[in-house]
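Engineer: I have a structure I would like to understand better, so I am pasting it below and will then ask my questions one at a time.
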Amino acid sequence: MRAMHRWTTELLDHLACGRAKLLDAVSATAYPLRGRSPAAGRWSVANVLSHLARTEGQIASMLQRRTTASGSTFADVTRDVAGASIVDSFDGAPVLDRSERVEAPEWAQPDYDMSADDAMRALVKARQRLAGVLTLNDGLDVRAVRQEHFFFGELDFYQWAAFAGFHERRHTEQLREIAAALAGQR
């Protein structure tokens, strides 16, 4: 069995590192408080996890549909510039910048009735799907797979995967803010 292409490995590592930080941030909120909103009009931990699960699930589905629709027409990665980071092909700084709120599109709104446990299970499932799509297309040049993002414009396959990791990190910071706000309400 051949080793994974470094782009796949880098993206999977990017996602795994972000997930570890997310889990740490979730654990900062006491279990019974994970369904509580810190203020009117603000999301709870459960809401954030539900939003992330919906978003990542949609990204995985879209990438799977787009690569499947193209059939097996992708060539092996040949223009792999030694040392170039595939994660850095997407500028994550605007995603991480929380100085301005960004309203999630309707399809990415959380299921407000979902518990934190159910949302976490959905998030794990969405990650498995995304990792599966990345692994299935390992070593193939799928940069031609493109889809419009409502805020960032057209992104390619790898940029969408990188975005998923940065998006999760953005909401990890939100989870830390929720934990601090709820701790102050006790």
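A quick yes/no check of all residues on (1) more than 19 Å from Ala131 (Cβ to Cβ); (2) more than 13 Å from the chain's Cα centre (by Cα); (3) open to solvent by less than 40 Å² (accessible area, probe 1.4 Å):
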site	(1), (2), (3)
Asp13	no, no, no
Gly18	no, no, yes
Leu22	no, no, yes
Ser27	yes, yes, no
Leu33	yes, yes, yes
Ser44	yes, yes, yes
Asn47	yes, yes, yes
Ser61	no, no, yes
Arg65	no, yes, no
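Engineer: Let me ask something else. Scan (1) of a type in the set (A, V, I, L, M); (2) modelled with pLDDT under 95; (3) within 18 Å of Leu63 (Cα to Cα) for the single condition Ala126 breaks and write down its number.
Structural biologist: (2)
Engineer: Moving to a separate point now. Pairs needed: first member in the stretch 9-22, more than 18 Å from Gln174 (Cα to Cα); second member anywhere, in a helix (DSSP H, G or I) and of a type in the set (S, T, N, Q); C-beta distance under 9 Å; at least 6 residues apart or different chains.
Structural biologist: Leu12/Thr135
The values are calculated or read from the model by the stated rules, or taken from the named source; none is laboratory data. All values derive from a computational prediction rather than experimental measurement. Virtual Cβ from ideal backbone geometry, glycine too; neighbours counted across all protein chains shown. Side chains included, ligands, DNA and RNA excluded: accessible areas come from the protein's heavy atoms. Shrake-Rupley method; radii C 1.70, N 1.55, O 1.52, S 1.80 Å.
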